[in-house]
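The values are calculated or read from the model by the stated rules, or taken from the named source; none is laboratory data. The structure displayed is predicted, hence computed values, not measured ones. All Cβ positions, glycine included, derive from the backbone under ideal geometry; neighbour counts span all protein chains shown.
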């Protein structure tokens, strides 16, 4: 097991309905030493890519993205969730369905901060159905930029998002891929990684 | 002028209605070298405080809080905005009025991550009317914790939030305090700092 898988086993909590609570270190309370390890691991996995900017989505992606960005020495842009119907023409927009909150969010990024010259690493904390990720990919496409890679902390390997994104040909690296969970025993099984 | 004031003069944009746009480096695109300078400056200003945790609020406070937290070698907890009416008993709640979005948000923090043993540095990107900050202070009070300090990137000194918080006796450090702005000339005047 790698450092993140070990941490999930130690401090993650499996709940009924295939819910994995990692709020003690990842997405409510945030362990900065762990985040630094994740940032360095992303840097190692995407070392050969000409990344000049990291794109993430509010809120829980921002912390990981910022620490990773320090490892890459690049700026971060975070996509904002917007409920307003009137979006002016200065932003890229995509619609993202949230399974957690059962609603569709608009996700926006100002056109000032993404363009054809950008080589983007997309970072997020979770990958399940891949809706947020597809929204971010769409925004990079609208900007004419290049998605050089996608770095995820925890992928739920039993949900379809990861397979879809890999089929589309994107270099996707998830630091921990959960194959299955059992809330009765609290066990988590990870997909073996090279 | 310090490094943040210089950056505001260089890249900030003054708009009508006392709006200061700093989205190219602070709260949409985020310049991590600047964030590291801010984190180190907060560490210098609060060097004598026994801070063991940083508290911020989603979304744009998270990046600054995370980089500052690396300087302090402590974890971050971010308060979540919740529109749900049903809040279970496991969270601290406060109501925060948003002047930007003209609505009241509930702000919540899980009781697991704040308690009487915590010595908190509150971090946020902006201070204007102080509503978000008062919500965070209320949450630390509910937890029985201690607010050791408050670190803000940009304070609008012509709005009442900063004065109110200082009158309450909290050590408040804003890296740049804007005394006045003029959208016709684009000029920003800062309050002199020691």
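Taking the residues in the stretch A:56-90 that are in contact with a strand residue (DSSP E or B) (Cβ under 7 Å, 6 or more places away or on another chain) and more than 10 Å from chain B (Cβ to nearest Cβ) as candidates, determine which candidate is modelled with the lowest pLDDT.
If we take residues in the stretch A:56-90 being in contact with a strand residue (DSSP E or B) (Cβ under 7 Å, 6 or more places away or on another chain) and more than 10 Å from chain B (Cβ to nearest Cβ), then A:87 is modelled with the lowest pLDDT.
Conditions (1) under 14 Å from the mean Cα position of the chain (by Cα); (2) surrounded by fewer than 17 Cβ atoms within 10 Å (Cβ to Cβ), marked per residue:
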position: A:76; (1), (2): yes, no
position: A:104; (1), (2): no, yes
position: A:117; (1), (2): no, yes
position: A:124; (1), (2): yes, no
position: A:137; (1), (2): yes, no
position: A:140; (1), (2): no, no
position: A:158; (1), (2): no, yes
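Residue B:102 passes all but one of (1) touching a residue at least 24 places away in the same chain (Cβ under 8 Å); (2) on the phi > 0 side of the Ramachandran plot; which number fails?
Every listed condition holds for residue B:102 apart from (1).
In the stretch A:32-54, which residues are closer than 27 Å to residue B:80 by Cα and without any contact (Cβ under 8 Å) to a residue 12 or more places away in the chain?
A:33, the sole residue that qualifies.
So, of the residues in the stretch B:4-17 that are surrounded by 15 or more Cβ atoms within 10 Å (Cβ to Cβ) and either without any contact (Cβ under 8 Å) to a residue 40 or more places away in the chain or part of a loop (DSSP other than H, G, I, E, B) (or both), which turns out to be nearest to the other protein chains (Cβ to nearest Cβ)?
B:11
Can you report the number of residues in the stretch A:38-50 which are surrounded by fewer than 17 Cβ atoms within 10 Å (Cβ to Cβ) and within 14 Å of chain B (Cβ to nearest Cβ)?
Going through the stretch A:38-50 one residue at a time, the tally reaches 1.
Please verify whether residue B:123 is in contact with a strand residue (DSSP E or B) (Cβ under 6 Å, 6 or more places away or on another chain), under 20 Å from residue B:175 (Cβ atoms) and within 10 Å of chain A (Cβ to nearest Cβ), treating the condition exactly as stated.
When the stated conditions are applied, residue B:123 does not pass them.
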